[in-house]
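Take a look at the structure below.
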């Protein structure tokens with residue numbers, strides 16, 4: 001018969017091992033956001049069933065692996081759009097989105113404005129001399145729940 005403290009220790013060790021695998025999945029998404037990534041490939045690399053990875057990732061990070069991947073892509077896309085050097089289709093491709101339509105929809109959901117508005121500077125500019133951390137907060141991506149209400153026409 002197993003002693004209760006051994007069982008707790010084994011459960012804690014298993015949980016730590018699983019969290020380490022989830023962290024490796026998150027780190028891979030951070031590194032390879034522009035590559036074609038899917039739940040099955042991520043789960044295989046983490047040695048977990050895809051459904052289990054999805055549930056555990058959401059528990060650990062508060063969003064699905066797909067939502068996390070899209071957040072990384074949108075963050076990078078925002079920087080590329082603001083530079084003005086690439087068109088929307090080129091940015092979509094550069095961040096690994098398979099279609100400009102899907103990219104535009106996900107971008108608008110997460111940021112609150114369309115990629116075209118972001119590219120044309122619809123979020124506005126900040127005054128010269130504004131500290132970089134303030135400028136980043138003022139011009140950075142806005143999560144969907146924080147998006148400003150639409151302006152009446």
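Of the helices (runs of 4 or more DSSP H) entirely within the stretch 1-96, those holding at least 2 residues that are within 30 Å of residue 116 (Cβ to Cβ) and either over 13 Å from the mean Cα position of the chain (by Cα) or assigned by TED's automatic domain parsing to the domain that holds residue 111 (or both) occupy 65-83, 88-94. Within the stretch 26-48, if we keep just the residues that are at pLDDT 90 or above and loosely packed, with under 14 Cβ neighbours inside 10 Å, the residue that is farthest from residue 93 (Cα to Cα) turns out to be 27. For residue 72, the conditions (1) buried (at least 18 other Cβ atoms within 10 Å of the Cβ); (2) over 27 Å from residue 101 (Cβ atoms) all hold with the exception of (2).
The values are calculated or read from the model by the stated rules, or taken from the named source; none is laboratory data. The structure presented is a predicted model; accordingly, all values stated were derived computationally and were not measured. As a convention, Cβ positions derive from the backbone with ideal geometry for all residues, glycine included, and neighbour counts pool all protein chains shown.
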